[in-house]
Structures are given as C-alpha cells and as structure tokens.
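Trainee: Below is a structure I'd like to ask you about.
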Amino acid sequence: MMPVFAVINAGSSSLKFQIFEISNLAEPRVVYRGFFEGLGEQAHLIVKDHCGLLAAKQTWNPDERFGHGEALVHLVSWTRQHRAGYKLVGLGHHVVHGGLEFPGPVLVDDHVIRTLEALVPLAPLHQPHNLEAIRIIHNRLPDLPQVACFDTSFHCHQPRLSQLFAIPKEMTERGVRRYGFHGLSYEYIASVLGHHDRSLATGRVIVAHLGNSASLCALDGGVSIATTMGFSALDGLPMSTRCGALDPGVVFYMLREMKLDADEAERILYTKSGLLGVSGISNDMRTLRELAPTNADARLAIDLFVYRIVREAGSLIAALGGIDGFVFTAGIGENDAATRAEVLSALNWVGFNIHEKSNWGGARRITRGPGPSAWVIPTNEELAIARHTSSVLHAARQRLAS
Ligand code: AMP
C-alpha cells in the first residue's frame, strides 16, 4: 500500500487540500489537488490530478447541510476509495498561529487543541477555521494522526529586539510580542533560493508575500531576522481588507470618539480597510489595476500599497545592513508586473535595475546588472506543510515501533 496524507487549508466557507504520496527518503509528491467551496450553503468539490486532469466533481444541495465536517469526512473516504493501493495515514494542517508554545510542527492531541484555542483572539479571521478542521477529525476519526504546521514558527528564532514591543515587561512575558506570519511561505521560498542563485541562499534577501494577506520578511542566510507582521495578522503592510500598521491611538479614537465597541472596531480594521477601505471599490488588485487609469480612488489605494511596501522594505534593508536580493511571491507578487515595477522603481536608490521585458514576460529574474537582484518565485506553502507532515508522521511511527 502507498501511504498518502492530505494537506488541509480550511477557510470560512472553503477547504483547500492537496494529497501527497509519502516516502521516508524522498520529497513528498503531490498527486491530487482540490477544494470545497460554498460550505454550509451550496457546496461543491473539484479534484484534479497532478497533470491537471479532473478526478472528481460534485455538488451538494443547500438542504443537505454540507459543511466543514462533512467535507473532511468526504475527503478522507474519497482518498481511501478513489485509488486502490492508497492508504491515508494522516493530515497536515495550515495553522496561522502557534504562539510561543509551538516553535515547530506538532502532532495534534487534546493539549495542542486547547493551546491553539487560546490563540484565537490573536488571529480571529483564520485560527477558528484552522482549528475547526482539526477538531472535527480529532472527534470523528481520532485514530487518524494530524500534524499542525504554523505560520509563526519560522520567525521564532528572530533576534530578541525584532520580537519586542516597547511595552511593560509583564505584558511581554504574557506573550504580547511580535510573532510574524506567512512563515510557511517564507520557509518554502528560503528552501529554493539556492536553486535560483546560490548567493541568495546565504545572502540578505527581502521576500514580499503579496496576496490578499501581505507581509515582508528579511532573510539573512535563509533565516528570518525581521518581518512586518507582528502580534496579529493586522500589522505591517495594508492588505486586501486589513489596515496594516496603525497608530494605536486610532483604536482609542474609534472606541471613545466614534463610540464603536471592540468587535466593530476589529471588524473595520480586519475586513473594511486596506485596498478595499482606501479605494471604496474593491479588495482585489486585478479590479483596481483595471480601474486605476481612470479612477483616482483605485489609483490611491494602489499607490498607498506600493508606498508602504517601499517604506517597510527600507526598514528591513536597515535591519539586514544591506540587500542582495528581493523576491516577489503570492497572488499580487507573482502576477502583477505593474506592482513589481513600481516597487523596484521606488527602490532604485538601492541599485535595483529592473529589466522591463523580463518583468512583463514572466521571467524568474527581473533585474539585470551588478546591483542587487529581484526575482519572482511562486510560493508553495502546501509543500512546506507536506515536508513537515511527512517528517512528523515518520518520527511518530519510529517512536511507536521502538
Ligand atoms: P492570494 O491571496 O495569494 O491568492 O492573492 C490574491 C490577490 O492577487 C488578489 O488581490 C488578486 O487580485 C491578485 N492577483 C491575482 N492575479 C493577478 C493578476 N494577474 N494581476 C494583478 N493581481 C492579481
């Protein structure tokens, strides 16, 4: 029997997954990719094999009440039945926040679930959905091992100064500190830097994860030394609907002068701000790019996004003491040549010499000349999770065998 495991990324009404063949020695190999959408309403499932050929397609009626629980159970039985010879041996989960407790991936048990529940207020948009998927399997299929992999872990060895807020030390001891996110994406990028340019793997690199959620990370020799996100996934760059860095005085103003309660203030900063808030039109970069030539609000939202990336990049260049490379990744970073051009042109003073044809032509390296280089490297958080899941499951089997 070929052991396989599934990597799960659970959202509010969606569940993305990939199924990997597991081998103790080699890199896990993806064999199926798929997603459920419309969970809790009109759910549907699409699965494709590694060549992109359709392997499954199904729709459920709203009255069937097909939610996350049903989707996970369906996925487990689909994986077990779809291909004779496959044995599902575990699940790997993308979990946003691991707090101080989890500096690396962990095999899920009751204690892990309780600890992750306590971190919900630090990532209210994502952690509850990540956790719900874990809890459902833990309750319904308790013998199926689950591995939780965290977006925060990659940053946990940052220098102390990068992790501290200037607040009373009792608060720091309580866990109020900078954690950073998108760690699985940064970890994957760090693992492939050397395939593109050997000197990048050992050099000073800024990775810009620019998707609906966005942050920058400073890598020194592939290790995170600073990042723009902090205690929660609100800090740093403006995002599709999140505000990014904000004077904390604004929150007091919202509470005292605007008479909002904490939940309303949180909702505005997480879901009504960023590209959506500034433009008043859309949270989607593609839409804003289409409108920008004739719409001043769309243009302003993009300009602020780029300006903040450049400002934060300057701060990370200072933390690194210089820069050898800049990597763009995630939806905007990988696909929006205009954003890349605007960022690199504003960072001209650092020595980036953008090569327009490469930037617009889909090349990996988009600069020329002797200065620092810039790159477009697609991220693969699922593979980072798969690598961890494979090794944690392997270690668990070894422990059982000994
Ligand atoms: P992600 O969260 O990584 O899926 O990224 C989503 C963001 O990427 C959205 O703002 C999309 O508009 C943006 N995006 C995806 N494709 C393109 C594209 N071709 N041009 C500009 N933005 C894009």
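Trainee: With every protein chain kept in place and ligands, DNA and RNA left out, what is the accessible area per residue of the chain? Probe 1.4 Å, answer in Å².
Mentor: Per residue, the chain has 46 Å² of solvent-accessible surface.
Trainee: With r defined as the distance between the Cβ atoms of Leu141 and Gln58 and R0 fixed at 30 Å, what FRET efficiency is calculated, to the nearest 0.05? Please list the in-between numbers first.
Mentor: Details: r = 20 Å, r/R0 = 0.68.
Step by step, r from the Cβ atoms, then E = 0.90.
Trainee: Determine the share of the chain's accessible area contributed by carbon and sulfur atoms, expressed in whole percent, with a 1.4 angstrom probe.
Mentor: Details: 9880 of 18560 Å².
Reported share for carbon and sulfur atoms: 53 percent.
Trainee: Leaving ligands, DNA and RNA out of it, rank Trp78, Trp360 by accessible area with a 1.4 Å probe, largest first. Intermediate results must be reported in sequence, preceding the final value.
Mentor: Working: Trp78 40, Trp360 160 Å².
Output order, biggest surface exposure first: Trp360, Trp78.
Trainee: What accessible surface, in Å², does a 1.4 Å probe find on His126, ignoring ligands, DNA and RNA and rounding to the nearest 10?
Mentor: 60 Å²
Trainee: While we're here: Once you order the gyration tensor axes a ≥ b ≥ c over the Cα atoms, which shape class does the chain get: rounded for a/c under 1.5, otherwise prolate or oblate by comparing a/b with b/c? Before the final figure, lay out each step's value.
Mentor: Values: a/c = 1.45, a/b = 1.32, b/c = 1.10.
Here the chain falls in the rounded category.
Trainee: Which pairs, out of Lys16/Lys272; Lys57/Lys357; Lys169/Lys272, put more than 30 Å between their alpha-carbon atoms?
Mentor: Values: Lys16/Lys272 25 Å; Lys57/Lys357 39 Å; Lys169/Lys272 33 Å.
In this structure, Lys57/Lys357; Lys169/Lys272 exceed 30 Å between Cα atoms.
Trainee: Quick one: helix 262-271 against the long Cα principal axis of the chain, what's the angle to the nearest 10°, folded into 0 to 90?
Mentor: 80 degrees
Trainee: Percent relative contact order of region 256-309, based on C-alpha pairs within less than 8 angstrom and at least six residues apart?
Mentor: Working: 40 pairs, mean separation 14.2, N = 54.
Here the relative contact order equals 26 percent.
Trainee: Sticking with this structure for a sec: Where a ≥ b ≥ c are the square roots of the eigenvalues of the C-alpha gyration tensor, would you call region 253-402 rounded, which needs a/c under 1.5, or, failing that, prolate if a/b is larger than b/c, or oblate?
Mentor: Numbers: a/c = 1.94, a/b = 1.12, b/c = 1.73.
Oblate, because a/c is 1.5 or more while a/b does not exceed b/c.
Trainee: For Pro28, what is the net charge nearby, where nearby means another residue's Cβ is under 10 Å from its Cβ and Lys, Arg count +1, Asp, Glu -1?
Mentor: Working: positive: Arg29, Arg387; negative: Glu21, Glu27, Glu382.
Surrounding charge for Pro28 is -1.
Trainee: Do any GluC sites (Glu not before Pro) in region 267-350 lie in a loop, going by DSSP, with at most 13 other beta-carbon atoms within 10 Å of their beta carbon, and if so which? It would help to have the intermediate numbers written out before the result.
Mentor: On the way: sites: Glu290, Glu312, Glu334, Glu342; in loops: none.
Answer in residue order: no site qualifies.
Trainee: Okay, next question. Considering amide H positions built from the backbone, and no H for Pro or chain starts, which residues 5 or more places from Leu88, or on another chain, come under 5 Å of its amide H?
Mentor: Under 5 Å from the amide H of Leu88: Val4.
Trainee: Note down the net charge around Asp197, summing +1 for each Lys or Arg and -1 for each Asp or Glu among other residues with Cβ under 14 Å from its Cβ.
Mentor: On the way: positive: Arg198, Arg204, Arg364, Arg365, Arg368; negative: Asp324.
Here the charged neighbours net out to +4.
Trainee: What is the dipole size for region 98-192, taken about its Cα centre, with +1 at each Lys and Arg Cβ and -1 at each Asp and Glu Cβ, in debye to the nearest 20? All intermediate terms of the calculation are to be shown ahead of the outcome.
Mentor: Working: 8 positive and 10 negative charges, 65 e Å.
So the dipole magnitude of region 98-192 works out to roughly 320 debye.
Trainee: Helix 183-196 versus the longest principal axis of the chain: what is the Cα-based angle in degrees, 0 to 90, to the nearest 10?
Mentor: 80 degrees
Trainee: With a cut-off of 8 Å between alpha carbons and a minimum separation of six or more residues, what is the relative contact order of the chain in percent? Walk me through the intermediate numbers first.
Mentor: On the way: 797 pairs, mean separation 54.0, N = 402.
Result for the chain is 13 percent.
Trainee: Within region 127-236, which trypsin sites (Lys or Arg not before Pro) sit in a loop by DSSP and count at most 15 neighbouring Cβ atoms inside 10 Å?
Mentor: Working: sites: Arg135, Arg140, Arg160, Lys169, Arg174, Arg177, Arg178, Arg198, Arg204; in loops: Arg174, Arg177, Arg178.
Passing both the DSSP loop test and the Cβ count: Arg174.
Trainee: Compute the separation of the alpha-carbon centres of region 325-350 and region 59-126 and state it in Å as a whole number.
Mentor: When both Cα centres are located, 34 Å separates them.
Trainee: Can you classify region 25-164 as rounded, prolate or oblate using the Cα gyration tensor, where a ≥ b ≥ c are the square roots of its eigenvalues, rounded means a/c under 1.5, and otherwise it's prolate if a/b beats b/c and oblate if not? Could you put the intermediate results ahead of the total?
Mentor: On the way: a/c = 1.98, a/b = 1.56, b/c = 1.27.
Prolate, since a/c reaches 1.5 and a/b exceeds b/c.
Trainee: Loop only per DSSP, at most 14 neighbouring Cβ atoms within 10 Å: give me the GluC sites (Glu not before Pro) in region 249-278, ordered by residue number.
Mentor: In loop regions of region 249-278 (DSSP not H, G, I, E or B), the sparsely surrounded GluC sites (Glu not before Pro) are Glu257.
Trainee: To continue, here is another question. Taking Cα pairs under 8 Å and at least six residues apart, what relative contact order does region 319-402 come out at, in percent? Numbers along the way, then the final one.
Mentor: On the way: 90 pairs, mean separation 24.2, N = 84.
Across region 319-402, relative contact order equals 29 percent.
Trainee: Please report the net charge: other residues with Cβ closer than 14 Å to the Cβ of Arg286, K and R +1, D and E -1.
Mentor: Details: positive: Arg289; negative: Asp284, Glu290, Glu334, Asp336.
Neighbour charge sum, excluding Arg286 itself: -3.
The values are calculated or read from the model by the stated rules, or taken from the named source; none is laboratory data. For clarity, every value in this text was computed on a predicted model and none was experimentally measured. Cβ coordinates were reconstructed from backbone atoms using ideal geometry, including for glycine residues, and neighbour counts include every protein chain displayed. Accessible surface is based on the protein model in full, side chains and every heavy atom, while ligands, DNA and RNA are left aside. Shrake-Rupley method; radii C 1.70, N 1.55, O 1.52, S 1.80 Å.
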